[in-house]
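Trainee: Structure provided below as structure tokens; questions to follow.
Coordinate-derived values only; no laboratory data. The model shown is predicted, which means the values in this text are computed figures rather than measured ones. Methodologically, a virtual Cβ is constructed for each residue, glycine included, from the backbone with ideal geometry; neighbour enumeration extends over all protein chains shown.
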Amino acid sequence: MDSSQCFRFGRRTANLVAGTATRRDILRFAGASAAVAALSPFVSGVAAAQAGVKRIRLAHPAPTAHGWHLWAEQFKKTLEDKSGGKMQVQIFPNAQMGNERDTAQAVRLGSLEMGAIGVGLMNWVPEMSITDAPFLWKSRAQSYRAIAGAFGDDLRKRALDKGFILSGWTDLGFRCMTNNKVPINSVKDMQNLKMRVPNSKAYIAMMQATGASTVAVDLSELYLALRQGVADGQDTPPSVVKSNKYYEVQKYVSKTDHILTTAYTVTNPKFFDGLSVDEKKVFLAACADADDYLRQYTQKDEAEAYGFLKSQGMQVNLDPDVESFRVACAPVIEKFPDLFLPELVKMARATPA
């Protein structure tokens, strides 16, 4: 941040300490309603800087059993080990710094060094919607190759142009359909269901193509929305159904595998540019290690999650008519070229499976 930003940041911090902060002070301080929680890390960050330690604040809106938190913990472990403790990570889960949009905004402005987010990034980089295109990938391996190649390079550049470094690509698993009304055996069973979607045009378009109606709910508010009947059902990976305990408020689950959930860890460019060459190498190595760790974990956990959900009383369908979903969703990609850029679709599908 420049000198004027530093001044305003310091002034708002002083207001918080003095107890005279306005609502605007609080919102601008952390980019979220949880800015008071950010005061303690700011103070500890001053002490860390004085000790010659670079401290990184990493926030996400999910519970500690979620893949975002697992990525963050692995990143923290690897970075602190490889840097000999000269770089330290403080993790803020459970929407302590706000929802996905708040977290992204805070990273973009530099109020946070890092954040783990999903569809919230699409508010700034709408082209990222491509990773949520229904039935885009033939396999996980294909998506990993695309992300490591020209497809990923294109999205990384687009994100950087909007103020984000895409430092991590998190595989959160193939999505399933859950609900409280009926077993889902084919796409026709989606009729008359009110399904939660993230605040994303891509997800809304996909879900409406199945015949369901939609209601947009942030991930941090989803459990309550399902319990209160704001939505009949939702689609997340089975590991998220498990980690977020949606089995407590849902009856049926079907393994539709319609989208491979790809989320991101983003880093503030000015913070990254301020690292030395060696620090950048260690930082990027820790990000890559966390990516690999979560990919392996997610595949194993996904395979086990359905058994767990069944043990918790959910009716599990591991063999629904996936082709009926594929046919219903096929027109979505061509119908929304603004969401699913044809050149990106071409690059993705040209990647060896």
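Trainee: Can you spot the aspartates and glutamates whose alpha carbon is less than 19 Å from Lys335's alpha carbon? Ignore those fewer than 8 places along the same chain.
Mentor: Partners found: Glu127, Asp132, Glu343.
Trainee: If you place +1 on the Cβ of every Lys and Arg, -1 on the Cβ of every Asp and Glu, and leave all else neutral, what size is the dipole of region 195-337 about its Cα centre, to the nearest 20 Debye?
Mentor: Computed charge dipole of region 195-337: roughly 300 debye.
Trainee: Tell me the Kirkwood hydrodynamic radius of region 153-220 in angstroms, computed as one over the mean inverse distance between distinct C-alpha pairs.
Mentor: 14.4
Trainee: Based on the alpha-carbon gyration tensor of region 131-251 and its eigenvalue square roots a ≥ b ≥ c, which shape applies: rounded if a/c is under 1.5, prolate if not and a/b is larger than b/c, or oblate?
Mentor: Values: a/c = 2.03, a/b = 1.80, b/c = 1.13.
It is prolate, given that a/c is not under 1.5 and a/b is the larger ratio.
Trainee: Separate question: Residues with beta-carbon under 11 Å from that of Asn192, excluding Asn192: net charge, scoring Lys, Arg +1 and Asp, Glu -1?
Mentor: Once positives and negatives cancel, what remains is +1.
Trainee: Excluding same-chain residues fewer than 8 positions from Lys76, which lysines have a Cα within less than 25 Å of its Cα?
Mentor: The reachable lysines, counting only those whose Cα sits under 25 Å from Lys76, are Lys54, Lys86, Lys242, Lys270, Lys280, Lys281, Lys300.
Trainee: Take peptides 261-273, 83-95 and line them up by average Cβ neighbours within 10 Å, highest first, as a rough protection proxy.
Mentor: Per-residue Cβ counts within 10 Å, averaged per peptide and sorted highest first, yield 261-273, 83-95.
Trainee: Given region 194-256, what whole percent of its Cα pairs are spread farther than 21 Å? Kindly include the intermediate steps, with their values, before the conclusion.
Mentor: Working: 275 of 1953 pairs.
In whole percent, the long-distance tail amounts to 14.
Trainee: Short version: what are the Cα gyration tensor semi-axes of region 193-332, square root of 5 times each eigenvalue, largest first, in whole Å?
Mentor: Numbers: eigenvalues 207, 71, 52 Å².
Its equivalent ellipsoid spans semi-axes of 32, 19, 16 Å.
Trainee: For every other residue with a beta carbon closer than 12 angstrom to the beta carbon of Arg140, add +1 if it is Lys or Arg and -1 if Asp or Glu, then tell me the sum.
Mentor: Value of the local net charge: 0.
Trainee: Tell me which residues come under 5 Å, amide H to amide H, from Thr236 once H is placed; ignore anything under 5 positions away on its chain.
Mentor: Amide H neighbours of Thr236, under 5 Å, 5+ apart: Cys176, Thr178.
Trainee: Amide H neighbours of Val197 under 5 Å, at least 5 residues apart or on other chains, H built in the peptide plane: list them.
Mentor: Val215, Ala216, Val217
Trainee: Follow-up. Using amide H atoms built in the peptide plane, which far-off residues or other-chain residues are under 5 Å from Thr170 H to H?
Mentor: Correct list: Ala263, Tyr264, Thr265.
Trainee: Kyte-Doolittle cut-off -1.0, length cut-off 24 Å along the helix's own axis using Cα: show which whole DSSP H helices in the chain pass. Mind showing how you got there, number by number?
Mentor: Working: long enough: 277-311 (50 Å, -0.63).
The qualifying helices are 277-311.
Trainee: Report the charge-dipole magnitude of the chain in Debye, nearest 20, computed about the Cα centre from +1 at each Lys and Arg Cβ and -1 at each Asp and Glu Cβ.
Mentor: With only Lys, Arg, Asp and Glu charged at Cβ, the dipole is about 640 debye.
Trainee: Still on this structure, I have one more. Under a straight-distance cross-link criterion of Cα-Cα below 16 Å, which lysines are reachable from Lys194, leaving out those fewer than 8 residues away in the same chain?
Mentor: List returned: Lys181, Lys251.
Trainee: Would you mind putting 190-196, 148-154 in packing order, based on average other-beta-carbon counts within 10 Å, highest first? Write out the running numbers ahead of the final one.
Mentor: Numbers: 190-196: 18.9, 148-154: 15.7.
The packing order, highest mean first, is 190-196, 148-154.
Trainee: Please state the shape class of region 272-315: rounded when a/c is under 1.5, otherwise prolate if a/b exceeds b/c and oblate if not, all from the C-alpha gyration tensor. Show your work: numbers first, answer last.
Mentor: On the way: a/c = 8.09, a/b = 4.24, b/c = 1.91.
Prolate, since a/c reaches 1.5 and a/b exceeds b/c.
Trainee: Of Ala263, Val197, Met97, whose Cα points farthest to the positive end of the dipole of the chain (charges on the beta-carbon: +1 Lys, Arg; -1 Asp, Glu; origin at the Cα centre)?
Mentor: Checking the options against the dipole of the chain, the answer is Met97.
Trainee: Right, another one. Using the Karplus curve 6.51 cos²θ - 1.76 cosθ + 1.60 with θ = phi - 60°, what ³J(HN,Hα) values do you get for each residue of region 83-91, in whole Hz, with x for Gly and Pro?
Mentor: 8, x, x, 7, 10, 10, 10, 10, 9
Trainee: Next question. Give the distance, in whole Å, between the Cα centre of region 267-342 and the Cα centre of region 72-109.
Mentor: 19
Trainee: Report the net charge of residues surrounding Thr298, where surrounding means a beta-carbon distance below 10 angstrom and charges are Lys +1, Arg +1, Asp -1, Glu -1. Mind dumping the intermediate values first?
Mentor: Details: positive: Arg140, Arg295, Lys300; negative: Asp171, Asp301, Glu302.
That works out to 0.
Trainee: Starting from the Cα gyration tensor of region 294-342, take the square roots of the eigenvalues, sort them a ≥ b ≥ c, and report rounded, prolate or oblate (rounded when a/c is under 1.5, otherwise prolate if a/b is larger than b/c, else oblate). Intermediate values should be presented prior to the final figure.
Mentor: On the way: a/c = 3.66, a/b = 1.78, b/c = 2.05.
Oblate, since a/c reaches 1.5 and b/c is not below a/b.
Trainee: Could I ask something else about it? Divide by every residue of the chain the summed helix terms, -39500 (n - 2.57) for each DSSP H run of at least 4, and state the resulting mean residue ellipticity at 222 nm, rounded to the nearest 500 deg cm²/dmol. Before the final figure, lay out each step's value.
Mentor: Working: 14 runs with 171 residues, N = 353.
When only DSSP H runs of four or more count, the value is -15000 deg cm²/dmol.
Trainee: Something else: Which whole-number percentage describes the relative contact order of the chain, with Cα contacts under 8 Å and a sequence gap of 6 or more?
Mentor: 22
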